[in-house]
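Reviewing the structure listed below.
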Amino acid sequence: MTLGVDLAILVTSVFARLVGALVGVGGGIIVIPALTLLFGVDIRMAIGASIVSVIATSSGAAVGYVRDGMADIRIGMFLELATTSGAEVGALLATAVPSNVLYVLLGIVLLFSAVQQLTRMTEEVPRPVPPQLRRRRLNLVSSYYDAALGRDVPYAAQRVPLGFALMLGAGAISGLLGIGSGALKVVAMDGAMRLPMKVSSATSNFMIGVTAAASVGIYLRRGDIDPTIAAPVALGVLFGALVGARLLPRISNQNVRTLFLPVLVLIGLQAIARGISQ
């Protein structure tokens, strides 16, 4: 590739990961279509480059989110038990379940979640609830300092079994379709468990690197990672992730939700279109 193309990929990757860092997704929703449609990169190479970049940038962004107290490591690691288990089940079922049906179902779930987001557009933080015994035992109660509000925001995970079940589904879909599940992670934490939107986004950014690391070896063995493509993508998304990690604490939960809504709709429509076209 020429220097001009490399710079264009770099700039596109910065924008993609900046958006992803703010809303808790990997950025592949923008990077992969851009590489294939604008730069003529093979879809397999585009996915491989995206997965490599997610590992590095998830780690980079997570440092800032953990430092600011917004990424809840305990909740993230607890839910990773579900996503990794679901991913293993999904990988085993990958040859038995028609992928086009799953893509359509994924799209419907995400579009339904977008409608739910609309009903909470004016919500800045969830209504406080007394911690239940299950939450106290698992220590799924915490707080973070919200720079936009200028105060500490306490929160407690609600409907923990439902959130865990949704994470199982997110992991299974990731294993079945070979896609990231950052959007579903945010939906589970924000919608089901009623965590603040910033905490859901930051914790999702922390978690997606673990999910990507579980599958990168497969792409390496298949030869689907081209360093000449992965390098500018990784540099771009790393910079975008660092900028996003600095911006997230300073913007409101409502603005994060406003940004997340079109991402949900775009991923949902893409999933349905891919399912129908197969």
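The values are calculated or read from the model by the stated rules, or taken from the named source; none is laboratory data. A quick note: this is a predicted structure, and the numbers were derived from the prediction, not measured. When we count neighbours, we look across all protein chains shown, and the Cβ atoms used for this are built from the backbone with ideal geometry, even at glycine.
A few points about this structure:
- Residue within the range 31-47 that is under 13 Å from residue 235 (Cα atoms) and modelled with pLDDT under 80 present: yes
- Verdict on residue 229 being in a helix (DSSP H, G or I) and at pLDDT 80 or above: yes
- In the range 262-278, the residues that are surrounded by fewer than 17 Cβ atoms within 10 Å (Cβ to Cβ), in a helix (DSSP H, G or I) and either at pLDDT below 80 or among the charged types (D, E, K, R) (or both): none
- Number of residues in the range 69-85 that are over 18 Å from residue 159 (Cβ atoms) and of a type in the set (Ser, Thr, Tyr): the value is 2.
- Among the candidates 213, 202, the residue that is touching a Leu at 6+ places or on another chain (Cβ under 8 Å) and either basic (Lys, Arg) or in contact (Cβ under 8 Å) with a residue 40 or more places away in the chain (or both) is uniquely 202.
- Checking the stated criteria, residue 189 turns out not to satisfy the condition of being at pLDDT below 85, within 23 Å of residue 246 (Cα to Cα), among the hydrophobic types (A, V, I, L, M, F, W, C) and crowded, with 24+ Cβ neighbours inside 10 Å.
- Residue in the range 87-103 that is modelled with pLDDT of 80 or more and in a helix (DSSP H, G or I) present: no
- Criterion violated by residue 136 - all others in (1) at pLDDT below 85; (2) in contact with a helix residue (DSSP H, G or I) (Cβ under 8 Å, 6 or more places away or on another chain); (3) outside any loop (DSSP other than H, G, I, E, B) satisfied: (2)
- Residues in the range 190-200 that are in contact with a helix residue (DSSP H, G or I) (Cβ under 6 Å, 6 or more places away or on another chain) and closer than 13 Å to residue 68 by Cα: 198 only.
- Odd one out for residue 259, checked against (1) more than 15 Å from residue 65 (Cα to Cα); (2) crowded, with 21+ Cβ neighbours inside 10 Å: (2)
- Some residue of the range 248-270 being in contact with a Phe, Trp or Tyr (Cβ under 6 Å, 6 or more places away or on another chain) and in contact (Cβ under 8 Å) with a residue 12 or more places away in the chain: no
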